[in-house]
1. Pick from segment 43-65 the residues that are open to solvent by 60 Å² or more (accessible area, probe 1.4 Å) and over 18 Å from L167 (Cβ atoms): which of them is farthest from the chain's Cα centre (by Cα)?
2. What about G75, is it open to solvent by less than 10 Å² (accessible area, probe 1.4 Å), over 16 Å from Y181 (Cα atoms) and either within 15 Å of the ligand (Cβ to nearest atom) or in a loop (DSSP other than H, G, I, E, B) (or both)?
3. Among (1) surrounded by fewer than 16 Cβ atoms within 10 Å (Cβ to Cβ); (2) over 21 Å from S140 (Cα atoms); (3) not β-branched (V, I, T), which single condition is A12 missing?
4. Collect the residues in segment 1-34 that are assigned to a loop (DSSP other than H, G, I, E, B) and near the ligand (Cβ under 9 Å from one of its atoms), keeping them in residue-number order.
5. In segment 109-129, what residues are more than 8 Å from the ligand (Cβ to nearest atom) and either of a type in the set (K, R) or open to solvent by 10 Å² or more (accessible area, probe 1.4 Å) (or both)?
6. Scan segment 159-173 residue by residue and report those that are open to solvent by 20 Å² or more (accessible area, probe 1.4 Å) and not hydroxyl-bearing (S, T, Y).
7. Identify all residues within segment 42-63 that are near the ligand (Cβ under 9 Å from one of its atoms) and either touching a residue at least 60 places away in the same chain (Cβ under 8 Å) or not in a loop (DSSP other than H, G, I, E, B) (or both); write none if there are none.
8. What single numbered condition from (1) open to solvent by less than 60 Å² (accessible area, probe 1.4 Å); (2) under 14 Å from G75 (Cα atoms); (3) near the ligand (Cβ under 8 Å from one of its atoms) fails to hold for L37?
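The values are calculated or read from the model by the stated rules, or taken from the named source; none is laboratory data. Small disclaimer: the values here were computed from a predicted structure and weren't measured. Because the Cβ atoms are built from the backbone with ideal geometry, glycine has one as well, and the counts that use them run over all protein chains shown. Please note that ligands, DNA and RNA were not included when accessible areas were found on the heavy atoms of the full protein model with its side chains. Shrake-Rupley method; radii C 1.70, N 1.55, O 1.52, S 1.80 Å.
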Amino acid sequence: MKPAPFEYHAPATAAQAAALLAELGEEAKVIAGGQSLMPMLILRLAVFEHLVDLRRAGELRGIEQRADSVWIGAGTTHAAVGRSDEIRRSVPLLSRATPLIGHFQIRNRGTIGGSLAHADAAAEYPAVALTLDAQFETLSPRGRRTVPATEFFTGMWSTDLAADELLTGIEFPIRRGRCGYAIEEFARRSGDFAVAGAAVAVGIDADSRIDRCGIGLFGLGPTATRATATESEVIGHRVDTVAAQDVGHSATAGLNSVPADLHGCADYRRRIGAAMVARAWRRAVEEASND
Ligand SMILES: Cc1cc2nc3c(=O)[nH]c(=O)nc-3n(C[C@H](O)[C@H](O)[C@H](O)COP(=O)(O)OP(=O)(O)OC[C@H]3O[C@@H](n4cnc5c(N)ncnc54)[C@H](O)[C@@H]3O)c2cc1C
């Protein structure tokens, strides 16, 4: 199938793109890499009279190290994120998540901002952004805002972004000290969206007590989530007294909107989710312990 006809706009700046969105209203949609939007347009699951392409807005692309954070422009492709030495050093969880996204053709076109704005519950980047306490920078004709990841994802394919608001960049804090990071997912085939997955970030102090913990879940609800109760439970404990399997069970036990579809019932997904949390926990703890 072909998309319904639309008018194509290619503004040169993010400000021009936001102004266009405000002017054209609900009939307009931003397109970045098109890796989620194009299939929807082609299948006519979505129809927009205007597409506002962000490709010419160079200010939306790039990776910058700041004092205590790394800033990534929303228009930066997954491939650029994946090959960045800066990100490998400073935000290793993001580097490890990137090869799990689709195939290299998709990673060459798809953007980090597109993935986060699309907010698929089974996507890797939303869970990673939650786990690492990322901050989202936005722009609309009303000005700029910063939104913490915990407030950005509001439900199934929905975010805190207003219709005329662009995601311009994402800031990831750089963690110092003894830290470990891991992401694990189960997918039916390589390149598929995960049936269930988990990202873990662990920090331990000089006594090997857990002093920081982030556990992000994906494919296990209408949106990526953090297992906040489990995170609080483990803080302060010596890392060698916490069993990975218990962390997995605890992180998934309270989930009440686990999806059921042709890939598996809710109980199956929950069990896989618990196993993915446990695996990621083991690897993250091992890395933190050897740091
Ligand atoms: C076969 C296939 C397999 C895939 N597998 C995976 C996978 O395993 N894991 C995964 O995470 N993803 C997967 N994807 C999706 C892919 O990662 C997309 O790149 C990503 O979801 C969207 O990024 P994009 O830049 O292509 O966004 P687009 O498709 O251009 O846009 C997606 C949505 O985000 C909005 N948007 C884009 N940029 C902005 C912005 N800066 N500000 C505000 N709104 C914006 C658009 O309006 C649209 O609603 C897969 C895609 C395909 C086709």
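1. Per the stated criteria, the residue is E49.
2. no
3. Evaluating A12 over (1) surrounded by fewer than 16 Cβ atoms within 10 Å (Cβ to Cβ); (2) over 21 Å from S140 (Cα atoms); (3) not β-branched (V, I, T) leaves (2) as the failure.
4. Result: A32, G33, G34.
5. A121, the sole residue that qualifies.
6. If we filter segment 159-173 for residues that are open to solvent by 20 Å² or more (accessible area, probe 1.4 Å), which is where we start, we get 159-164, 171, 173.
Residues satisfying the conditions are D160, L161, A162, A163, D164, E171, P173.
7. Across segment 42-63, the qualifying residues are L51, V52, D53, L54, L60.
8. (2)
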